[in-house]
Each structure stands twice: as C-alpha cells, then as structure tokens.
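The values are calculated or read from the model by the stated rules, or taken from the named source; none is laboratory data. Because the structure is a prediction, the values reported are computed rather than measured. Glycine gets a Cβ as well: all are built from the backbone with ideal geometry, and neighbour counts include every protein chain shown.
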C-alpha cells in the first residue's frame, strides 16, 4: 500500500484505512483480473490472509468491498485467486 502523506489519528484512522484499501485494491499491484477472468493478487493477501479472510472467497469479498465498479464486476464473477505476486524490484536498488 501507499504510504500516507499525513499521520493517522484516532479521528481519521478508519477513513484513512478505507481510503488506502480502496487505492490498493484498484491498482494493478494490489489485484488484477486477466481477460480470461483469472485473478492475480499481491502476495500481501497471501502472507497476511487472516487479516483479509480465511479463504479465497473471503479475500475476494474484501477486494469487492473496495473495488471500483468495473473491477468489482470481474471479482464477483471469480471463484478463487489464481496467483499471488509481489514486486521485489525496490530491493534491487543500489
């Protein structure tokens, strides 16, 4: 997820977390659906799966909650998450 530009506060915490979830789910590094309907999600959803759900169906439910309409329709048609991926390129910086 993107780093917030302002600090979390008690009053803004839930709104900022929702905003971050919405931004992440709707960015290809968070989740993408190929033309064949296969779902690729960030490995964060796999590594921390219990934070998002206990199985693919529940994780997809989390994604659907925050997805924009076009992505939401594709995710609603999905039965499971086909693959997980994470971009480690930042670790290659020298």
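Quick notes on this structure:
- Selection from segment 14-35 of residues that are exposed (fewer than 13 other Cβ atoms within 10 Å of the Cβ) and within 14 Å of residue 75 (Cβ to Cβ): 28, 34
- Selection count, segment 49-77, where residues are at pLDDT below 95 and either in contact with a strand residue (DSSP E or B) (Cβ under 7 Å, 6 or more places away or on another chain) or outside any helix (DSSP H, G or I) (or both): 3
- The residue that is farthest from the chain's Cα centre (by Cα), counting only those in segment 16-44 that are part of a helix (DSSP H, G or I) and closer than 14 Å to residue 87 by Cβ, is 44.
- Of the residues making up segment 9-29, one or more are at pLDDT below 95 and touching a strand residue (DSSP E or B) at 6+ places or on another chain (Cβ under 7 Å).
- Of the listed requirements (1) touching a helix residue (DSSP H, G or I) at 6+ places or on another chain (Cβ under 7 Å); (2) within 14 Å of residue 32 (Cβ to Cβ); (3) assigned to a helix (DSSP H, G or I), residue 84 misses just one: (3).
- Residues located in segment 42-59, provided they are free of Cβ contacts under 8 Å to residues at least 40 places away in the same chain and surrounded by fewer than 15 Cβ atoms within 10 Å (Cβ to Cβ): 47, 48, 50, 51, 54, 55, 57, 58
- Given (1) closer than 18 Å to residue 66 by Cα; (2) in contact (Cβ under 8 Å) with a residue 24 or more places away in the chain; (3) loosely packed, with under 15 Cβ neighbours inside 10 Å, number of the condition residue 39 does not satisfy: (3)
- Members of segment 4-20 found to be touching a helix residue (DSSP H, G or I) at 6+ places or on another chain (Cβ under 9 Å) and within 22 Å of residue 68 (Cβ to Cβ), listed by number: 4, 18
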